[in-house]
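Q: Here it is, the structure in full.
The values are calculated or read from the model by the stated rules, or taken from the named source; none is laboratory data. Everything numeric in this text was worked out from a predicted model, so none of it was measured. Reconstructed Cβ throughout: ideal geometry from the backbone, glycine too, with neighbour counts over all protein chains shown. Areas reflect the complete protein model, heavy atoms only, side chains present, ligands, DNA and RNA absent. Shrake-Rupley method; radii C 1.70, N 1.55, O 1.52, S 1.80 Å.
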Amino acid sequence: MNRSLAHVLRTAAPFALVLAIAASSSAARADQTTPTLPQMGFNNWNSTHCREEFNEAMIRGIADKFISLGLRDAGYRYVNVDDCWANWQRDKNGQLQANPKRFPSGMKALADYIHQHGLKFGLYSSAGTSTCEPLQENRGFPGGLGHEKQDAATFASWGVDYLKYDNCNNQKVDAQQRYTAMAEALRGSGRHIFYSVCEWGENKPWLWAGKAPVDANSWRTTGDIRDEYASMLKIFKENVVLDSYASPGHWNDPDMLEVGNGGMSITEYRSHFSLWSIMAAPLLIGTDLRTIKPDALQILLNKEVIAVDQDPLGVQGKQVRDADGIHVIVKPLKDGSEAVAVFNETDAAHDVSVDASEIGLKSAAGYRLRDLWQHSQTKGDGSIKAHLPAHGIVMYRISAL
């Protein structure tokens, strides 16, 4: 090597190091920013519960599918592990441990694998002495009550990006007290961890969970969803009326998606996905992506509907009609357009009309109506006329010409 080249390399090396450190710091700061949009990703519970198939290999396989199926490109980011991941007791120092049979490589290795895919890693605990899944003698896996600081530090050291914090075995301790303790522990952990309060709506968390000192990113407004139309409909009705409590970074959570699990028809799953999206709800896939059928995947990959959920204005859709089994929900969007869903909850088909005035459209020369499921476009006065099958939905994006 000649001297001039050696000199250049010696003088350039410190500068390159500074740039590398700056880039690393910038990436770290970007990772610490508070998310403002509803979370999108996967959670294993609805498809596996605590069965033996739930393990390290499955979750790694799900992360792989995020890439190969195009889900990461569609906006899905979180790969979340639910109950039954932990060992049945803490170690001698009181630390949480991964179940050695299900997760032999440990949670840090799993988080690293998921991060290498450009994804984020979520974990589950409960704001009680133990979690919700009975293990033995009606005891669950270790909960976080009384261990908040220790557990938050553990989660941070493992690279956890998301905590779903359940409500089982809470010893009747005040809910706000329990969820505040973990909120403060997460903030003190040195890592930004998305905080999902899973309190089931028992103490009206929409009134307090999004405010200091809890300041959660989302909170469950309902009990657990089941893969049945009646359950989905009930939960929709409970959540849709809470629109005034949602705001960017703070979301009403009507529980995870059942799309693809087989208990509803494709028409019902399309309604399910549309309603969650227009309510600016979390979109957490609850089916096993390794075996998902094409028609269900097509629903989850509808980028036009996803864009409504993820609209940066951050407004939950407002129900403007609930009559005779027909629901009309309107969601204003950042670009000035309106997303509109017209849903038929009944067991019979209906012809439905919705006037522009009911949607709240302002006077204009005309409107462009984009059908988000047919991916087609028409022009008109902003009104909607649709033939809705039983349990069916239409969804439009309406903008002035």
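Q: If you check A209 against the conditions, is it in contact with a Ser or Thr (Cβ under 9 Å, 6 or more places away or on another chain) and within 29 Å of D322 (Cβ to Cβ)?
A: yes
Q: Let me ask something additional. Determine the pairs where a residue that is in contact (Cβ under 8 Å) with a residue 40 or more places away in the chain, located within the range 262-278, has a partner that is of a type in the set (K, R) and crowded, with 21+ Cβ neighbours inside 10 Å with Cβ atoms under 6 Å apart, the partner being 6 or more residues away or on another chain.
A: As it stands, the answer is I278/K331, since those pairs meet every condition given.
Q: Starting from the range 200-224, keep only residues that are farther than 11 Å from Y245 by Cα, then list their pairs with residues that are open to solvent by less than 40 Å² (accessible area, probe 1.4 Å) and at pLDDT below 95 whose Cβ atoms are within a distance under 8 Å, requiring at least 6 positions of separation or different chains.
A: N217/P35
The rows are residues; the columns are (1) on the phi > 0 side of the Ramachandran plot; (2) among the charged types (D, E, K, R); (3) touching a residue at least 12 places away in the same chain (Cβ under 8 Å).
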{"site": "S68", "(1), (2), (3)": "no, no, no"}
{"site": "N87", "(1), (2), (3)": "no, no, yes"}
{"site": "R90", "(1), (2), (3)": "no, yes, yes"}
{"site": "Q97", "(1), (2), (3)": "no, no, no"}
{"site": "A109", "(1), (2), (3)": "no, no, no"}
{"site": "F121", "(1), (2), (3)": "no, no, yes"}
{"site": "C132", "(1), (2), (3)": "no, no, yes"}
{"site": "H147", "(1), (2), (3)": "no, no, yes"}
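Each row is one residue, and each column tells you yes or no for (1) open to solvent by less than 40 Å² (accessible area, probe 1.4 Å); (2) part of a helix (DSSP H, G or I); (3) within 29 Å of P248 (Cβ to Cβ); (4) among the basic types (K, R).
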residue: S274; (1), (2), (3), (4): yes, yes, yes, no
residue: D288; (1), (2), (3), (4): yes, no, no, no
residue: D295; (1), (2), (3), (4): no, yes, no, no
residue: I299; (1), (2), (3), (4): yes, yes, yes, no
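Q: Return the pairs, sorted by first residue and then second, in which the second residue is surrounded by 14 or more Cβ atoms within 10 Å (Cβ to Cβ) and among the hydroxyl-bearing types (S, T, Y), the first residue lies in the range 361-381 and is in contact (Cβ under 8 Å) with a residue 24 or more places away in the chain, the beta carbons are less than 7 Å apart, and the residues are 6+ apart or on different chains.
A: Within 7 Å, the pairs are L361/Y367; Y367/S399; R368/S399; L369/Y396; R370/Y396; D371/Y396; L372/Y396; D381/Y367.
Q: S231 versus (1) part of a helix (DSSP H, G or I); (2) free of Cβ contacts under 8 Å to residues at least 40 places away in the same chain; (3) in contact with a strand residue (DSSP E or B) (Cβ under 6 Å, 6 or more places away or on another chain): which is the lone unmet condition?
A: (3)
Q: While we're on this one: Give the residue that is surrounded by the fewest Cβ atoms within 10 Å (Cβ to Cβ), with candidates limited to residues of the range 45-82 that are over 19 Å from the mean Cα position of the chain (by Cα) and not charged (D, E, K, R).
A: S68
Q: Taking the stated definitions as given, is N217 closer than 24 Å to V340 by Cβ, crowded, with 22+ Cβ neighbours inside 10 Å and either within 16 Å of the chain's Cα centre (by Cα) or of a type in the set (F, W, Y) (or both)?
A: Against the criterion (closer than 24 Å to V340 by Cβ, crowded, with 22+ Cβ neighbours inside 10 Å and either within 16 Å of the chain's Cα centre (by Cα) or of a type in the set (F, W, Y) (or both)), N217 does not qualify.
Q: While we're looking at this one, here's another question. Among the residues that make up the range 139-149, is at least one of them part of a helix (DSSP H, G or I) and open to solvent by 50 Å² or more (accessible area, probe 1.4 Å)?
A: Yes: the range 139-149 contains one or more residues that are part of a helix (DSSP H, G or I) and open to solvent by 50 Å² or more (accessible area, probe 1.4 Å).
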